[in-house]
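Peer 1: Submitted below is the structure of interest, expressed as structure tokens.
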Amino acid sequence: MSMSSIHPAQVLLDAQAGAAQRLPVCDHYSGVEERMRKSLQLQADMMAEFGACVFDVTLDCEDGAPVGQELAHAKLVAALARQAAPGARVAARVHAVDHPAFQQDLDIIAGEAAGHLCHIMLPKVESVDDVLAAEKALQRATDKHIPLHVLIESPAAVHRAFDIAAHPAVQSISFGLMDFVSAHGGAIPASAMGVQGQFQHPLVVRAKLEIAAACHAHGKVPSHCVVTEFKRPEVMQAAASQAFQEFGFTRVWSIHPGQIRPILAAFTPASSEVALAADILVGAAKAEWAPISHDGVLHDRASYRYYWQLLERAHQTGQHIPEAASLWFAPLALKTVANNT
């Protein structure tokens with residue numbers, strides 16, 4: 001029996017998983033010119049190493065731009081995005097929608113480099129109204145479609161997470177830990193911003209779970225907040241693993257080059273898991289996606305979906321995929337799926 005000609009993404013990602021976005025598991029932020037250039041060079045180097053773009057580089061205008069030099073910084077970000085290596089994923093974090101430089105950021109960055117941007121990050125989003133304002137401002141700046149990522153940083157915004165995630169222009173929601181803690185007037189201790197405390201304090205845990213649930217409900221990507229540890233890679237990797245395995249975040253912020261590889265490692269499936277997923281899915285494809293038995297265990301489309309998402313994560317993190325399943329990740333196959341979804 002020959003393998004099905006239907007791509008797994010087309011047959012499996014229906015129902016609740018139908019709109020799920022697949023993004024690199026790491027989003028790396030930098031704002032100072034020297035660091036932005038180094039970040040883009042590191043991205044190009046790791047693209048050559050892994051054979052794929054395994055992390056995004058987000059060029060920061062909000063915290064990265066010196067006060068009073070917003071115009072020059074926006075022009076620099078646009079230029080750097082245009083100069084990025086082929087296949088690079090480059091984004092820009094602009095100022096908040098109520099900042100005087102917001103429209104200027106979009107006019108310059110999206111207006112001059114729209115074709116080179118994978119997304120625009122909007123900080124301090126409070127409601128869907130902010131998303132609508134950003135969408136309108138983006139349409140003024142360019143006629144090209146650029147996905148919006150939003151950063152939720154307040155208790156009120158967390159309350160509206162499901163409404164924000166439901167907006168079709170939103171591709172991902174990130175959690176702003178530091179501002180969220182600060183918004184509680186001292187009621188949350190500083191320890192809740194630390195590596196361990198942010199996974200323990202009830203209000204922070206509730207906010208993270210609410211954002212992750214909202215994203216998964218609407219097929220969007222939940223992106224975990226900054227972890228300030230960068231001197232001990234094992235600590236960063238453990239935090240990223242906890243964010244993924246216990247809190248449901250499928251993407252993590254990096255603010256230091258030393259955090260990128262630990263984040264990738266946290267999301268990389270074990271080679272035995274990849275081999276099992278490939279065996280099951282190849283068998284399922286031969287059966288035209290009908291139920292099969294593998295090593296005495298019955299599998300159907302519910303488990304096929306899980307194993308397909310595991311293979312996707314292996315691909316995102318540069319993991320070797322067995323030859324029988326690797327054809328599903330060939331550029332032409334992925335392009336065909338994208339055009340049909």
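Peer 1: Of everything in the stretch 175-207, what is out of contact with any helix residue (DSSP H, G or I) (no Cβ under 8 Å at 6 or more places or on another chain) and open to solvent by less than 40 Å² (accessible area, probe 1.4 Å)? Give them in sequence order.
Peer 2: Matches in the stretch 175-207: Gly176, Gly194.
Peer 1: Across the stretch 89-141, what is the number of residues that are over 30 Å from Gly51 (Cβ atoms) and in a loop (DSSP other than H, G, I, E, B)?
Peer 2: So the count comes out to 13.
Peer 1: A further question follows. With respect to Ala314, determine if the residue is surrounded by fewer than 19 Cβ atoms within 10 Å (Cβ to Cβ) and part of a helix (DSSP H, G or I).
Peer 2: In short, no.
Peer 1: Just give me the residues in the stretch 23-60 being touching a His at 6+ places or on another chain (Cβ under 6 Å) and either open to solvent by 30 Å² or more (accessible area, probe 1.4 Å) or in a loop (DSSP other than H, G, I, E, B) (or both), in sequence order.
Peer 2: Phe55
Peer 1: Residue under question is Gly64, and the condition is that it be free of Cβ contacts under 8 Å to residues at least 12 places away in the same chain and either outside any strand (DSSP E or B) or open to solvent by 10 Å² or more (accessible area, probe 1.4 Å) (or both); does it hold?
Peer 2: Criteria not met by Gly64.
Peer 1: May I pose another question? Taking the stretch 94-116 only, how many residues are surrounded by 24 or more Cβ atoms within 10 Å (Cβ to Cβ) and either under 15 Å from Lys38 (Cα atoms) or in contact with a Phe, Trp or Tyr (Cβ under 7 Å, 6 or more places away or on another chain) (or both)?
Peer 2: The number of residues fulfilling the criteria is 1.
Peer 1: Go through the stretch 241-275 residue by residue and tally those that are in contact with a helix residue (DSSP H, G or I) (Cβ under 8 Å, 6 or more places away or on another chain), under 12 Å from Phe55 (Cβ atoms) and either among the hydrophobic types (A, V, I, L, M, F, W, C) or part of a strand (DSSP E or B) (or both).
Peer 2: 5
Peer 1: For Pro331, which of the numbered conditions (1) buried (at least 16 other Cβ atoms within 10 Å of the Cβ); (2) within 22 Å of Gln10 (Cα to Cα) fails to hold?
Peer 2: Failing condition for Pro331: (1).
Peer 1: Out of everything in the stretch 276-300 that is in a loop (DSSP other than H, G, I, E, B) and among the charged types (D, E, K, R), what residue ends up being most open to solvent (accessible area, probe 1.4 Å)?
Peer 2: Checking each candidate, the answer is Asp295.
Peer 1: Still on this model: When you go through Ser254, Ser271 one by one, which is the residue that is surrounded by 24 or more Cβ atoms within 10 Å (Cβ to Cβ) and within 24 Å of the chain's Cα centre (by Cα)?
Peer 2: On inspection, the qualifying residue turns out to be Ser254.
Peer 1: Could you figure out which of (1) outside any helix (DSSP H, G or I); (2) buried (at least 16 other Cβ atoms within 10 Å of the Cβ) isn't true of Pro86?
Peer 2: Every condition holds for Pro86 apart from (2).
Peer 1: Shifting gears a bit: Any idea how many residues of the stretch 104-122 are closer than 19 Å to Val221 by Cβ and in contact with a helix residue (DSSP H, G or I) (Cβ under 9 Å, 6 or more places away or on another chain)?
Peer 2: 3
Peer 1: Of everything in the stretch 232-269, what is of a type in the set (Lys, Arg) and touching a Cys at 6+ places or on another chain (Cβ under 8 Å)? Give them in sequence order.
Peer 2: Arg251
The values are calculated or read from the model by the stated rules, or taken from the named source; none is laboratory data. Worth saying up front: this structure is predicted, and the values here are computed from it rather than measured. Note: ideal-geometry Cβ built from the backbone for every residue, glycine included; neighbour counts use all protein chains shown. SASA here: full protein model, heavy atoms, side chains in, ligands and nucleic acids out. Shrake-Rupley method; radii C 1.70, N 1.55, O 1.52, S 1.80 Å.
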